[in-house]
1. Go ahead and estimate [θ] at 222 nm for the chain from helices alone: -39,500 (n - 2.57) per DSSP H run with n ≥ 4, summed, over the residue count, rounded to 500.
2. Taking 22 Å as R0, compute the FRET efficiency from the Cβ-Cβ separation of Asp118 and Glu77 and round it to 0.05.
3. How large is the charge dipole for the chain, taken about the Cα centre, if only the Cβ atoms of Lys, Arg (+1) and Asp, Glu (-1) carry charge, to the nearest 20 debye?
4. Along the positive direction of the dipole of the chain (beta-carbon charges: Lys, Arg +1; Asp, Glu -1; about the Cα centre), which of Phe72, Gly48, Ala161 reaches farthest?
5. Direction-averaged shadow area of the convex hull around the Cα atoms of the stretch 107-222, nm²?
6. Along the charge dipole of the stretch 1-146, pointing to its positive end and built from +1/-1 on Cβ of Lys, Arg, Asp and Glu, which listed residue (Leu140, Tyr86, Ala104) has its Cα farthest out?
7. Select from Phe25, Phe133, Phe72 the residue whose mean-square fluctuation is largest in a Gaussian network model of the chain (Cα-Cα springs shorter than 10 Å).
8. Can you give the Kirkwood hydrodynamic radius of the stretch 1-126 from its Cα pairs, in Å with one decimal?
Amino acid sequence: MSADRAMDASGFADLVRRRRSVRAFLDRDVSRAQIEAILDIARHAPSGGNMQPWQVHVLGRRTIGDLRDAIFATVTERGHEEAGDYRYYPVEPLAPYTDRIRQAGHDLYAALGIGRRDVAARRAQKLKNFDFFGAPAGLLVTIDARLERGSWIDIGLFLNALSLAIVSEGLSCCLQASFSSHGDAVRKVLGLESDALVVCGVAIGHADESHPVNRQPLRRQTVAEFARFHP
Ligand SMILES: Cc1cc2nc3c(=O)[nH]c(=O)nc-3n(C[C@H](O)[C@H](O)[C@H](O)COP(=O)(O)O)c2cc1C
């Protein structure tokens, strides 16, 4: 490998390692030019048959406020939708996955000093999702409901490219499947067709590095734990 290529590889590894979910942002704007630059990188993501099934909606502060109000109103009225536009998590406990979900929740609330029984504080923290955690910009990625499961892989690849592009621009993000529980509110506020399924939101902004919520342990399996080599 040439020296230049090796340098690129370590730059890439660094980018992947630096990305983490950020859930508190500084009150500092992100320009439209920055968002366009990020999307211009992410659009290079591959997709089966080059279908490029992603649709992206870019929300500024005013629309974020409108959407937050609409979602808060439905949560107050009906609570979170059970299934929403799709199910993300197993319905029944399934080891080891549900244990990991529980651990992630524990890490989040521990970082914030929120106790196990403090239902009100947990609920308030969960609701922050719908304000994009105070980020100045948010994306909502939708998919045509008529597409097959394979296209959801493509959306995942797109979201990964997008997350890394955001970090490469000196910004931070949090992917937010939580918006999929409120597809009707999203479609209403953004004026989308009924077959636009909400896959994921993305909060984008400048990380508030001093906020405890942004200092959580990285928990990942080792390669030996998740990979099997078949000679
Ligand atoms: C597709 C996807 C959807 C997610 N949705 C949410 C969400 O709705 N709210 C949230 O706070 N975190 C969400 N996360 C963040 C995960 O909790 C986080 O990626 C995981 O705990 C690992 O932490 P890290 O991103 O800091 O490495 C989501 C992550 C992914 C990949």
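1. After summing the helix terms and dividing by the residues of the chain, the value is -14000 deg cm²/dmol.
2. On the way: r = 24 Å, r/R0 = 1.07.
Approximately 0.40, to the nearest 0.05.
3. With Lys and Arg at +1 and Asp and Glu at -1, about 720 debye.
4. The residue sitting farthest along the positive end of the dipole is Phe72.
5. On the way: hull surface 36.9 nm².
That works out to 9.2 nm², a quarter of the Cα hull's surface.
6. Result: Ala104.
7. Greatest mean-square fluctuation among the candidates belongs to Phe72.
8. 19.5 Å
Just so you know, all these numbers are worked out from the coordinates, no wet-lab data involved. Remember, it's a predicted structure, so these values are computed and weren't measured experimentally. All Cβ positions, glycine included, derive from the backbone under ideal geometry; neighbour counts span all protein chains shown.
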